[in-house]
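Visitor: The following block contains the structure, expressed as structure tokens.
The values are calculated or read from the model by the stated rules, or taken from the named source; none is laboratory data. For clarity, every value in this text was computed on a predicted model and none was experimentally measured. Ideal geometry is used to build each Cβ from the backbone, glycine not excepted, and the neighbour counts take in all protein chains shown.
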Amino acid sequence: MFISVLELFKVGIGPSSSHTLGPMVAARLFIENLQQFKHESLLSPDSFIRCLLKGSLAFTGKGHSTDRAVALGLHGYTPEQLTSLNVNELIQQLWASDCLHLKDGVLVRFIPAKHIIFDKSDSLPEHPNGMIFELVSGNDEVVHSETFFSIGGGFICSSDEIKKLTAPLKMVEAKSCQYPFASANDMMQMGEESHQSIAQMKRANELGYISKSELEQGLDFIWDSMKVCLENGLKAQGILPGGLEIKRRAKNLYQQLQNENSHATLNDWLCAYAMAVNEENAAGKMVVTAPTNGAAGVIPAVLYYFMKHEDGTREQVHEFLLTAAAIGGLIKHNSSISGAEVGCQGEVGSAAAMAAAGLCAVRGGSVQQVEKAAEIALEHHLGMTCDPVNGLVQVPCIERNGFGAIKAYTAASLALYETGEHFMPLDNCIAAMKQTGLEMSAKYKETSLGGLAVSMTEC
């Protein structure tokens, strides 16, 4: 299996990679595919585009801005384009529109409030994040239909593709990879035989597909974007959108830590940094999927702390991200990073494992120690549910990223004090996460039907 570090870490907008980025990408792909078809009904003033959101997308899509994402995608926007635009103003324009512009001047009706449907009937069997896009004629006949699934981290696949996948995940075959590891055990064995670090093996695999300059520029762009997002969050204040009236807290916490530096602990700094990122995400601002938006604060917080407080170098940033991506790729390949599929253990748990691995590597850890750091971090997130209050990526998500960063740092430190030998392999922990997710009730997998989402107390 091979998934590029530049695909695992993607720059886009909040609040959700599976509920915002994925649907936006799917909607845009549907329109692109539609351009290849010739339908007389397209010329009918009564034909229209309809989108049915299924499963978790139906239950928490409103709070995750899925309807906004679908509209943006159908109008041709990409997540990257939106990082420099005023999305709220753009949404107002799109909601006032009643049509889409296709090629050759063809118009087709599309009224977002009417034609995007949160369908809370039975989920599609293949995956809980399903979307059905339809071109409907004037006499209500479905002329063309495509089904997509948002499988976590902004990745999507079609109904045909998902039937061929085990993870499910669409990845490039590893034939061109110098080190084609598909498990942590393979990774450690290849590292031992080649005397290469995880980052060195991952770099060699990347260079089988892209040039050295493309890779280094891409890694720099990822880190620079993470840093900008985090520092923007440390400066911002106000109330987060969505109706919960949640106040931004990162700026105030950060200012207190600066004023009382002698009393500030590692945990305090990590929480400030992680919460800054996830407050930006909750506000729909620019964020790096790492590996998801809901867990976007863990990796930047740990890496930012290492760079600012431990004098890390740009070369170590590359090593950190490559190592983290190698672990993230294994988790995606052998389990899932989708909160709708396995709960938050697949989001914050995966991010913590990736961050622990990256930190352990840049602090001199061996391949075995890095594997152990990832396992420790993931192990202590097993069973974590995804139960966002009001379907928003705010409570408990923002604070949870801070604690994920703390666990990641602790896991890396603990692994470095030992040889790397341990009882529970990372592969077994990933398998346990997958099985736990399969057995977890749908109420606790990004549907807001259980847990904290239904435990609010009126005061």
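Visitor: Restricted to the stretch 193-245, and to residues that are among the acidic types (Asp, Glu) and under 22 Å from PRO291 (Cα atoms), which residue is surrounded by the most Cβ atoms within 10 Å (Cβ to Cβ)?
Guide: Initially, the stretch 193-245 is screened for residues among the acidic types (Asp, Glu), giving 193, 206, 214, 216, 220, 224, 231, 245.
Cutting the leftovers down to under 22 Å from PRO291 (Cα atoms) gives us 206, 214, 216, 220, 224, 231.
Working: GLU206: 23, GLU214: 13, GLU216: 15, ASP220: 14, ASP224: 13, GLU231: 16.
In this case the residue turns out to be GLU206.
Visitor: Take the residues in the stretch 286-327 that are surrounded by fewer than 22 Cβ atoms within 10 Å (Cβ to Cβ) and touching a Phe, Trp or Tyr at 6+ places or on another chain (Cβ under 6 Å); name whichever of them is nearest to LEU207 (Cα to Cα).
Guide: Residue satisfying both the conditions and the ranking: GLY312.
Visitor: I would also like to ask the following. Can you find even one residue in the stretch 365-372 that is assigned to a loop (DSSP other than H, G, I, E, B), in the same structural domain as MET190 (by TED's automatic domain parsing) and either surrounded by 16 or more Cβ atoms within 10 Å (Cβ to Cβ) or among the hydrophobic types (A, V, I, L, M, F, W, C) (or both)?
Guide: First, pick out the residues of the stretch 365-372 that are assigned to a loop (DSSP other than H, G, I, E, B): 365-366.
Now restrict to residues that are in the same structural domain as MET190 (by TED's automatic domain parsing): 365-366.
Checking which are either surrounded by 16 or more Cβ atoms within 10 Å (Cβ to Cβ) or among the hydrophobic types (A, V, I, L, M, F, W, C) (or both) leaves us with 365-366.
Checking the stretch 365-372: at least one residue is assigned to a loop (DSSP other than H, G, I, E, B), in the same structural domain as MET190 (by TED's automatic domain parsing) and either surrounded by 16 or more Cβ atoms within 10 Å (Cβ to Cβ) or among the hydrophobic types (A, V, I, L, M, F, W, C) (or both).
Visitor: If you don't mind, there's one more thing I want to ask. Are there any pairs, at least 6 apart or on different chains, whose C-beta atoms fall under 6 Å, with the first in the stretch 214-238 and under 19 Å from PRO15 (Cβ atoms) and assigned by TED's automatic domain parsing to the domain that holds LYS285 and the second part of a helix (DSSP H, G or I) and among the small types (Gly, Ala, Ser), and if so, which?
Guide: These pairs meet every condition: LEU230/ALA276; GLY233/ALA250; GLY233/ALA276; LEU234/ALA250; LEU234/ALA276.
Visitor: Here are some residues: ILE31, ILE49. Which one is assigned to a helix (DSSP H, G or I) and farther than 30 Å from ALA199 by Cα?
Guide: Values: ILE49 fails: assigned to a helix (DSSP H, G or I).
One residue alone meets the criteria, ILE31.
Yes/no matrix, rows are residues, columns are (1) outside any helix (DSSP H, G or I); (2) of a type in the set (A, V, I, L, M, F, W, C); (3) surrounded by fewer than 24 Cβ atoms within 10 Å (Cβ to Cβ):
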| site | (1), (2), (3) |
| --- | --- |
| GLY329 | no, no, no |
| LYS332 | no, no, no |
| ILE337 | yes, yes, no |
| ALA340 | no, yes, no |
| ALA352 | no, yes, no |
| ALA356 | no, yes, no |
| ASN390 | no, no, yes |
| VAL393 | yes, yes, no |
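Visitor: If you take the residues of the stretch 63-120 that are out of contact with any His (no Cβ under 9 Å at 6 or more places or on another chain) and of a type in the set (S, T, N, Q), which of them is modelled with the lowest pLDDT?
Guide: Per the criteria, the residue is SER84.
Visitor: Here's something else I'd like to know. Do we find that ILE406 is among the hydrophobic types (A, V, I, L, M, F, W, C) and touching an Asp or Glu at 6+ places or on another chain (Cβ under 9 Å) in this structure?
Guide: Details: among the hydrophobic types (A, V, I, L, M, F, W, C): yes; touching an Asp or Glu at 6+ places or on another chain (Cβ under 9 Å): no.
Answer is no for this residue.
Visitor: When the residues of the stretch 124-152 are narrowed to those that are more than 18 Å from ASP67 (Cβ to Cβ) and of a type in the set (Gly, Ala, Ser), which ends up surrounded by the fewest Cβ atoms within 10 Å (Cβ to Cβ)?
Guide: GLY138
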